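Trainee: Structure in structure tokens, see below.
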Amino acid sequence: MRKAKFQIPNSKFQIFRSLFTIHRSLITIHCLLFTVYCLLFFSGCAGQDKTYKENMVIMDTVCTITAVSASEKDAKKAVDAGFAEIKKLEALLNFFSDDSEISAVNKAAGYKAVKVSVETLDIIKKALMVSDGTNGAFDPAIGPLTKLWGFSGKGAAGIPQDDKIKNILPLIDYKKIIINNSLSEVFLQKKGMAIDLGAIAKGYAADMAIEAIKAAGIKAALVSIAGDIKGFGIKPDGKPWRVGIQDPRADGIFAAIDLQDKAISTSGDYQRYFVKDGRRYHHIIDPKTGFPASNSISVSVIADNGYAADSFSTGAFVLGPEKGIKLLESMGLSGIIVDAGKKMHITKDLIGKITIEKPL
Amino acid sequence: MDKLIFLLLIILTVISFPLAKKFIHPGNLVKIASDNKIAYVLPLDEAETVTVKGAAGDSVIEIKNRKVRMKESPCPNKLCVRQGWIESGAIVCVPNRVVVTISNDENNGQYDAVSR
């Protein structure tokens, strides 16, 4: 900026000097050159796409939206529409808020069905589909375990007593979530059941934010809700969005991948955890054992939709590296799994497409 | 004819004045937001310490040697303070709802986002 202040008066001065002191023909040449310069200048400015990036704290995390547009005003409008969508879903789906629709469903567990919005019904249906696909390794009925372990609530996390876990395990069963499509109702069959969409809501919100941004007429955008990312279109330089994957045990990125009209999500044991007696207890709980899954340390899944990337990364994490890769390949999804020995496993389709930035 | 060109020249010179600002990239900026509202936008190359009111209290942000850190924070776990000095990216304090980002006018970052 400082540079600009000096340059402009300077060039102006030169123009005037040449106009008044040099021969006419020279002036004409000068003028022509200046005009050419100006034309280049304008063509370089007008209609050029740029990226606009904004952050906002929603869903207890940082959401970043990057929009590509020639107009800052249009980009801002689209970014705002994206954030509004994420906020709307947060209000409906927040497990820890008493006012959310999910809380209303959970409070009525065991005695009545609750009418919910189109969005809430849609995400629960998608969650149940993924539960079926992962044979329960991903289970939205995990709520009672989430509360017991206390990883994402306000209370401090600690190891629950064994018998407490044993007692609630029968409640962790997605098959006991009953959907009534025509009435748009959700019913939890057993008292004490609770739906927690924490492992699918961010990916789903990224999908919805992208839809809102598309509707605002933007040609490319990247939505990132914590590590759940959905991209659409390409960058102004003609390249796809480039996403790094966090090293699960150190600072920085260990792998990177191009993302074009796809979503990526990572589930890791390094996000929310505590260490007790040399053992790491983290927030990805195996619905079948009630304890943190320990065969993997990081799982990234690439899918067409954010909700699928988000939920399948949790499911594949719980299943462990071998079964996880098999599951992803059978579902036509791509993934990278880092096992407990820091060995990398990738789905066949990713060979040659993923860049390893540093050894683990 | 010459007069016309002369006139055009002056107009273009005047027009190019504000446009030139856009053309020459400003240095990196430090954006500090509290509760999703921008509180400060400061140049990265000038040493400064600012205090921002967040949801839980005052966060103190320090800019020095083209680096930024969260110096003090009222949050319980102090993850933001422990992050230390950063040269790019962001420091996020979710409990106090304070977000500090270093923004580059150009897309210089190697990655557009990080999945974690």
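The values are calculated or read from the model by the stated rules, or taken from the named source; none is laboratory data. All figures in this text were calculated on a predicted structure; none of them were measured in a lab. All Cβ positions, glycine included, derive from the backbone under ideal geometry; neighbour counts span all protein chains shown. In case anyone asks, the SASA skips ligands and DNA or RNA and just uses the protein heavy atoms, side chains included. Shrake-Rupley method; radii C 1.70, N 1.55, O 1.52, S 1.80 Å.
Trainee: Go through (1) under 11 Å from A:ASP196 (Cβ atoms); (2) at pLDDT below 95 for A:ASN106 and report which single condition fails.
Mentor: All conditions are met except number (2).
Trainee: Just give me the residues in segment A:82-100 being in contact (Cβ under 8 Å) with a residue 12 or more places away in the chain, open to solvent by less than 50 Å² (accessible area, probe 1.4 Å) and not aliphatic (A, V, I, L, M), in sequence order.
Mentor: Correct list: A:GLY82, A:PHE83, A:GLU85, A:ASN94, A:PHE95.
Trainee: To continue, here is another question. Identify, from the list A:SER265, A:SER300, the residue that is part of a strand (DSSP E or B) and either more than 17 Å from the chain's Cα centre (by Cα) or within 20 Å of A:LYS343 (Cβ to Cβ) (or both).
Mentor: Being part of a strand (DSSP E or B) and either more than 17 Å from the chain's Cα centre (by Cα) or within 20 Å of A:LYS343 (Cβ to Cβ) (or both) holds for just one of A:SER265, A:SER300, which is A:SER300.
Trainee: Residues of segment A:166-175 being within 30 Å of the chain's Cα centre (by Cα) and surrounded by fewer than 16 Cβ atoms within 10 Å (Cβ to Cβ), which ones?
Mentor: Matches in segment A:166-175: A:LEU169, A:LYS175.
Trainee: Does A:ILE102 meet the test of being of a type in the set (A, V, I, L, M, F, W, C), under 24 Å from the mean Cα position of the chain (by Cα) and within 27 Å of A:LYS326 (Cα to Cα)?
Mentor: Taking the combined requirement at face value, the residue does not satisfy it.
Trainee: Given the conditions (1) modelled with pLDDT under 95; (2) basic (Lys, Arg); (3) within 17 Å of the chain's Cα centre (by Cα), report the number of the one that A:LYS202 does not fulfil.
Mentor: (1)
Trainee: Moving to a separate point now. Can you name the residue in segment A:234-253 that is open to solvent by 10 Å² or more (accessible area, probe 1.4 Å), without any contact (Cβ under 8 Å) to a residue 40 or more places away in the chain and within 8 Å of chain B (Cβ to nearest Cβ) and, of all such residues, is nearest to A:THR64 (Cα to Cα)?
Mentor: Here the residue is A:ARG242.
Trainee: From the list A:ALA157, A:ALA141, which one is crowded, with 17+ Cβ neighbours inside 10 Å and within 21 Å of A:THR61 (Cα to Cα)?
Mentor: Going through A:ALA157, A:ALA141 in turn, just one is crowded, with 17+ Cβ neighbours inside 10 Å and within 21 Å of A:THR61 (Cα to Cα): A:ALA157.
Trainee: Can you tell me which residues in segment A:214-228 are of a type in the set (D, E, K, R) and in a loop (DSSP other than H, G, I, E, B)?
Mentor: A:LYS219
Okay, residues lined up against (1) open to solvent by 20 Å² or more (accessible area, probe 1.4 Å); (2) part of a strand (DSSP E or B); (3) within 26 Å of A:THR146 (Cα to Cα):
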residue: A:ALA255; (1), (2), (3): no, yes, no
residue: A:LYS326; (1), (2), (3): yes, no, no
residue: A:VAL338; (1), (2), (3): no, yes, yes
residue: A:LEU360; (1), (2), (3): yes, no, no
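Trainee: Next question. In the list B:ALA20, B:ALA47, which residue meets the criterion of being among the small types (Gly, Ala, Ser) and modelled with pLDDT of 85 or more?
Mentor: Step by step, each of B:ALA20, B:ALA47 is checked, and only B:ALA47 is among the small types (Gly, Ala, Ser) and modelled with pLDDT of 85 or more.
Trainee: Identify, by number, the condition in (1) in contact with a helix residue (DSSP H, G or I) (Cβ under 9 Å, 6 or more places away or on another chain); (2) in contact (Cβ under 8 Å) with a residue 40 or more places away in the chain that A:LYS176 doesn't meet.
Mentor: With (1) in contact with a helix residue (DSSP H, G or I) (Cβ under 9 Å, 6 or more places away or on another chain); (2) in contact (Cβ under 8 Å) with a residue 40 or more places away in the chain applied to A:LYS176, the lone miss is (2).
Trainee: From A:GLY231, A:GLY192, which residue is in contact with a Leu (Cβ under 6 Å, 6 or more places away or on another chain), within 30 Å of A:ASP74 (Cβ to Cβ) and either open to solvent by 30 Å² or more (accessible area, probe 1.4 Å) or not in a loop (DSSP other than H, G, I, E, B) (or both)?
Mentor: Checking each option against the conditions leaves just A:GLY231.
Trainee: Residues that are more than 11 Å from every other protein chain (Cβ to nearest Cβ), loosely packed, with under 15 Cβ neighbours inside 10 Å, under 17 Å from the mean Cα position of the chain (by Cα) and closer than 27 Å to A:SER265 by Cβ: does segment B:62-85 have at least one?
Mentor: Scanning segment B:62-85, I find no residue that is more than 11 Å from every other protein chain (Cβ to nearest Cβ), loosely packed, with under 15 Cβ neighbours inside 10 Å, under 17 Å from the mean Cα position of the chain (by Cα) and closer than 27 Å to A:SER265 by Cβ, so the answer is no.
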